Structures are given as C-alpha cells and as structure tokens.
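For reference, the structure is listed below as structure tokens.
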Amino acid sequence: MLRLDFNLVLEMINLLVLFLLLRRFLIRPITNIMERREAMIADGLNNARSEQEKALELKRQYEDSLRGAREESRKMLEQAGLDAKDEYDRIVSDADDRADKMLRSARDAISAEREQTMLRMKTEVAKLAMDAAKKIVTGYGGPDDSQSAYDLFLEEAGDSHEDRED
C-alpha cells in the first residue's frame with residue numbers, strides 16, 4: 001500500500017518551501033514588474049489616444065480657420081471688385097461730364113467765333129460796298145469806267161484781305 005516515507009515528506013516540505021520562496025522572491029516581483037509595465041503601456045496608449053484626439057481637434061480647428069480665411073479672402077476679393085467697378089464707373093462718369101462740358105464750351109466758343117466772323121464779314125462787305133459806291137459815284141461815268149472801277153474794287157478787296165491774313 002501506500003507507505004509514507006520520511007523522504008517523501010521531506011521532499012514535499014522542500015517543494016512547499018521552494019514554492020513559497022519562489023512565490024515570495026521571484027513570482028511576486030515579476031508579477032509586480034509585469035503589472036507596472038502593463039500599467040505603463042496602458043498609460044502610454046491612453047496618452048497616445050488623447051494626443052491623437054488633441055491633434056485631430058487642432059487639425060479641425062486649423063481646417064476651420066483655413067476655411068474661414070478662404071471665405072474671408074473671397075469676400076474681400078468680391079468687395080475689391082465691387083469697389084473697383086464703382087471707382088471705374090465714377091471715373092467714367094466724371095470723364096463724361098468733363099467731356100460734355102468741354103464740348104459745350106467748344107460749341108459755345110465756335111458759335112461766338114462764328115458770330116464775330118459774320119459780324120466782321122458784314123462790316124467788311126458793307127465797307128467794300130461803301131467804297132465801291134463811293135468810287136462809282138465820284139468819278140466814273142461810262143461803262144468802260146464801270147468795268148475799270150469794278151476791277152479796281154476787286155484789287156483793293158484782295159489787297160485788304162491779304163493784309164489781314166498777314
């Protein structure tokens with residue numbers, strides 16, 4: 001049957017002591033080290049996740065601000081285009097007004113110059129007619145004399161006209 005031997009009991013005690021010693025000095029420290037490493041790894045993963053979330057949030061903020069900046073620049077360009085068109089229209093309108101004033105002024109000046117020229121021409125014609133009438137009345141009696149008076153009148157009219165042009 002079963003016999004219990006003293007050696008067997010000693011071996012069992014040795015095994016039990018060895019187990020307790022290993023557990024106390026080897027298994028617990030290794031378990032503690034493994035638990036700490038596991039906690040460090042879990043902590044690192046949690047930190048990495050939180051940093052990744054922060055990075056994603058910063059990326060979203062950056063994209064939102066970039067989108068806002070693009071929208072703002074588009075609005076600024078549109079406003080600049082509208083302002084430029086308004087300025088262009090104002091400049092063209094001012095130029096049209098100035099051109100109209102200059103045209104009216106030129107027309108008025110031409111009209112006044114024409115009236116003065118017509119007045120001078122009437123005066124000249126009246127003077128020439130008076131000179132011709134005077135010459136006819138004063139001394140030319142015959143038809144040949146009329147022709148020579150007419151020729152003389154034309155010569156004097158041409159001379160007086162050339163004097164005025166010089």
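The values are calculated or read from the model by the stated rules, or taken from the named source; none is laboratory data. Predicted model, so just to flag it, every value in this text is computed and none were measured. With ideal geometry, Cβ positions are generated from the backbone for all residues, glycine too; neighbour counts draw on all protein chains shown. For accessibility, only protein heavy atoms count, side chains too; no ligands or nucleic acids. Shrake-Rupley method; radii C 1.70, N 1.55, O 1.52, S 1.80 Å.
Maximal additional length on extending the Leu10-Asp151 stretch stands at 33.3 nm, based on 0.36 nm per residue less the C-alpha distance. With both labels modelled 7 Å from their Cα along Cα-to-Cβ, the Lys75 to Leu20 distance reads 8.1 nm. Of the residues Glu87, Glu155, Glu53, which exhibits the maximal mean-square fluctuation in a Gaussian network model of the chain defined by a 10 Å Cα contact cut-off? The residue that fluctuates most here is Glu155. For every other residue with a beta carbon closer than 11 angstrom to the beta carbon of Leu58, add +1 if it is Lys or Arg and -1 if Asp or Glu, then tell me the sum. Here the count lands on -2.
Surface composition of the chain: carbon plus sulfur atoms hold 60% of the accessible area, using a 1.4 angstrom probe and ignoring ligands, DNA and RNA.
Net charge of the neighbourhood of Leu18, taken over other residues with C-beta under 13 Å away and scored Lys/Arg +1, Asp/Glu -1, is +1. Springs join every pair of Cα atoms under 10 Å in this Gaussian network model of the chain, and among Leu21, Leu119, Leu66 the largest mean-square fluctuation is at Leu21.
Per residue, the accessible area of the chain comes to 91 Å², computed with a 1.4 Å probe over protein heavy atoms only. The helix-based estimate of mean residue ellipticity at 222 nm for the chain, built from -39,500 (n - 2.57) per DSSP H run of four or more residues and divided by its residue count, is -34500 deg cm²/dmol to the nearest 500.
With no solvent and one equal point scatterer placed on each C-alpha of the chain, evaluate the Debye formula and give log10 I(q)/I(0) for q = 0.13, 0.15, 0.16 Å⁻¹, two decimals. Treating every Cα as an identical point scatterer, log10 I(q)/I(0) equals -0.98, -1.06, -1.10. Label positions at Tyr88 and Met40, each projected 7 Å from the Cα along the C-beta direction, are separated by 7.0 nm.
The simple Förster model, with R0 at 45 Å and r as the Cβ-Cβ distance, assigns Tyr62 and Asn32 a FRET efficiency of 0.55. Please identify, among Lys134, Lys54, Lys101, the residue showing maximal mean-square fluctuation in a Gaussian network model of the chain using a 10 angstrom Cα cutoff. Looking only at Lys134, Lys54, Lys101, the biggest GNM fluctuation is shown by Lys134.
What does a probe at Lys101 reach in region 63-93, counting residues whose amide N is under 17 Å from the point 7 Å along Cα→Cβ? Counting backbone N atoms under 17 Å from the label point, the list is 90-93. Scalar couplings 3J(HN,Hα) for region 49-66, obtained by applying the Karplus form with A = 6.51, B = -1.76, C = 1.60 to θ = phi - 60°, are 4, 5, 5, 5, 5, 4, 4, 5, 5, 4, 5, 4, 4, 4, 5, 5, 5, 5 Hz; x denotes Gly and Pro.
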